Amino acid sequence: MKCSMFQVSMYESYLSEYAERTPVVSGHAEKDIACSLVIPVFNEAGNLDELIDRCLKVCRQGGQDFEIILVDDGSSDGSTEMIVRAGREHPEIVAVLLNRNYGQHAAVFAGLAQSRGEIVITLDADLQNPPEEIPKLLLAMEDNVDVVGTIRSNRQDTLFRRLSSNLVNAMVRRTTGVMMHDYGCMLRAYRRPIVEAMLQCREHSTFIPILANSFARTTAEIPVEHASRQQGESKYSLFKLVSLQFDLLTSMSTFPLRLLSLLGTIIAASGIAFGIFLLTMRFVMGAAWAAQGVFTLFSILFVFIGAQFIGLGLLGEYIGRIYHDVRARPRYFIQKVISSSKKQ
Ligand code: UDP
Ligand code: MG
């Protein structure tokens, strides 16, 4: 990857800025901002100017304190320079530059870590999520919900994307039991405690909307507009999409491993039952019926295959537990502790 002197110096200045901000953020001493927008940017030079204008306009109309965190995910088309310039021009804009491309969800996480807002809203940089919808999310948040999700009412994506997304959403609903309709839309709002809880999760492959829902007590969902991409192209190739679906599936539950267990037990039980049937028939009907011992061999084989599947299922259960522990997600997240007597 080519890296100009300008980029290097920007990165250095970013590092020193980061050093300044980090104590504030990690200590969370300063939480006086009402709303933070977190926007991951990867090669979106064609969209950035309009995005910044529209976001600033909408947020200023709200009349509350806000910050717009633009996370540059290792862009190489000039987006980095544009973000830095915007950060210098507007005090409300925070430029976060990652040193290379880490992927959309990692970039959003980097932004969440820098955010200070009581409410944090994520959205895409390609203007597919119109910034003008932000007030609707803030309004929905007023009912004291932890997470506000959105449904893209007139989704402007290819048929393939829409169909696969419907399938995934239905699967997530069944597995998690959380009745949200559109997990793919990143225009979402989170309350500060949910953001803090997510930041404590150290796992690498993660899917933010699902992770947030796992900590939310109350969620709401509102319909929003969706625009087609005007500039640039989607950053998700088929391979990246599939890998994202795996992130989603595994961040959600160890249900697939359980499925292995369940399937294993069914196959094992039918294998063993069939083996017993063959063996019994061999004694009742004689050796000729059992093809002179061939069936008996089959019956023994089925019993062994069954035992293997049971073993695999058991292994799956253990791996599931190891996976849970390795991710080391916080077991719970306390929102508030209230006590009338102060313990020393
Ligand atoms: N994005 C990113 N890093 C990546 C890929 C995407 O920060 O590696 C950003 C991208 O700039 C955009 C958002 O994530 O703001 C969604 O990407 P895209 O529009 O390509 O996804 P799609 O709408 O096709 O699902
Ligand atoms: Mg998009």
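The values are calculated or read from the model by the stated rules, or taken from the named source; none is laboratory data. These numbers were taken from a predicted model, which means no experiment stands behind them. In this analysis, Cβ positions are derived from the backbone assuming ideal geometry, glycine residues included, and neighbour counts consider all displayed protein chains. The area values use the complete protein model at the heavy-atom level, side chains included, leaving out ligands, DNA and RNA. Shrake-Rupley method; radii C 1.70, N 1.55, O 1.52, S 1.80 Å.
Ignoring ligands, DNA and RNA, what percent of the accessible area of the chain is carbon or sulfur (1.4 Å)? Could the numbers behind the result be given before it?
Numbers: 11630 of 19000 Å².
Carbon plus sulfur share of accessible area: 61 percent.
Taking a ≥ b ≥ c as the square roots of the eigenvalues of the Cα gyration tensor, an a/c ratio of 1.5 or more together with a/b no larger than b/c marks segment 40-79 as oblate.
Where only protein heavy atoms count, and the probe is 1.4 Å, what is the accessible area per residue for the chain in Å²?
On the way: 19000 Å² over 344 residues.
Ligands and nucleic acids excluded, the figure is 55 Å² per residue.
In summary, the helical segments of the chain meeting the span-like criteria, namely a full DSSP H run, a Cα extent along the axis of 24 angstrom or more and a mean Kyte-Doolittle hydropathy of at least 1.6, are 255-285. What does the C-alpha gyration tensor say about the overall shape of segment 64-175? Classify as rounded when a/c is under 1.5, otherwise prolate if a/b is larger than b/c, or oblate. It is oblate, given that a/c is not under 1.5 and a/b is not larger than b/c. Distances between placed amide hydrogens fall under 5 Å for GLY184 paired with no residue 5 or more residues away or on another chain.
Taken along the Cα-to-beta-carbon direction at a fixed 7 Å, the label points for VAL294 and TYR323 span 4.1 nm. Let me make sure I get this right: for segment 122-192, a, b and c are the square roots of the gyration tensor eigenvalues over alpha carbons, sorted descending. Under 1.5 in a/c it's rounded, otherwise prolate if a/b > b/c, else oblate. Which is it? Cα axes put segment 122-192 in the oblate bin. Phi angles across segment 223-228 convert, under the Karplus curve 6.51 cos²θ - 1.76 cosθ + 1.60 with θ = phi - 60°, into 3J(HN,Hα) values of x, 9, 6, 9, 10, 7 Hz, Gly and Pro given as x. A cut-off of 5 Å between modelled amide H atoms, ignoring neighbours fewer than 5 places along the same chain, links LEU37 with GLU67, ILE68, ILE69, ILE121.
Counting each DSSP H run of 4 or more residues in the chain as -39500 (n - 2.57), what helix-only mean residue ellipticity at 222 nm follows after dividing by all residues, to the nearest 500 deg cm²/dmol? Provide the component values of the computation, followed by the final result.
Numbers: 11 runs with 185 residues, N = 344.
After summing the helix terms and dividing by residue count, I get -18000 deg cm²/dmol.
Between LEU238 and ARG54, the distance separating the two model label sites (each 7 Å from Cα on the Cα→Cβ line) works out to 3.1 nm.
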